[in-house]
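Please treat every number below as a calculation from the coordinates, not as lab data. Since the model is a prediction, treat every value here as computed from it, not as a measurement. Using ideal geometry, Cβ is built from the backbone for each residue, glycine included, and neighbour counts are taken over all protein chains shown.
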Amino acid sequence: MTRFDENSIPIEPITENTDSALLRSWKNGDEKAFDMIYTRHFIRLVNLAYKKTGNMEASQELVQDVFLSLYRQLSRLPEQTVLENYLFIATRNRIYNYHRHQLLQLKKEALLRDNYTPSSGASPDRLELKELESLLRDKIQQLPDQCRKVFLLSREEQLSNKEVAERLHISVNTVEQHMRKALRILRASFNDELSLMLLLLLLKHSSF
């Protein structure tokens, strides 16, 4: 007779293939469930990253990193986690970090080409980012009152134009006019294309 090990927990076979069922099976020790999650979402996430980066190798590395992070966080991952949303947000954040790194590297190279040496001990990329963030905050605060409210609701709270209109009790057309005005004013504060690109990233991910 086979001796029963009371410390071992038998792994139930996967009977459902929804993300939530696979997550439960994976948390119960079934590594095949993770493989199924990986196979289901990997190509879609790589395609998403490629559309935003234009670099297939970098996109694959970004998504591999997403799944590595998911694997490491299994024990802390609630069973009610919506994997599709989790993976999308994680991929989006890594795409942002990729672009931020690329832009800062370009800024650093441009500074080095111009033989620019900061007077402080800060590195060129940190100095440039700090200056851009400071300028961005100042210029947003200088926007006309209603224009600033519309802009922050749209960019900081990520509301749609319709949602902003409902929040402020104005028309969608008025929201669009305020957004165009805000962007026109802010863009005028940046005198080169790289700074403008970095500004657009900061607008999405900075809080004020």
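For this structure, a couple of remarks:
- Using Cβ point charges alone (K and R +1, D and E -1), the dipole size of the stretch 37-86 about the Cα centre works out to roughly 80 debye.
- In a fully extended conformation the segment linking Gln105 and Asp65 would gain 12.3 nm over its present Cα-Cα distance, using 0.36 nm per residue.
- A crude spin-label estimate for the pair His169 and Asn55, with each label 7 Å from Cα along the Cβ direction, gives 5.0 nm.
- Counting neighbouring beta carbons within 10 Å and listing from fewest to most, the residues Thr18, Thr53 come out as Thr18, Thr53.
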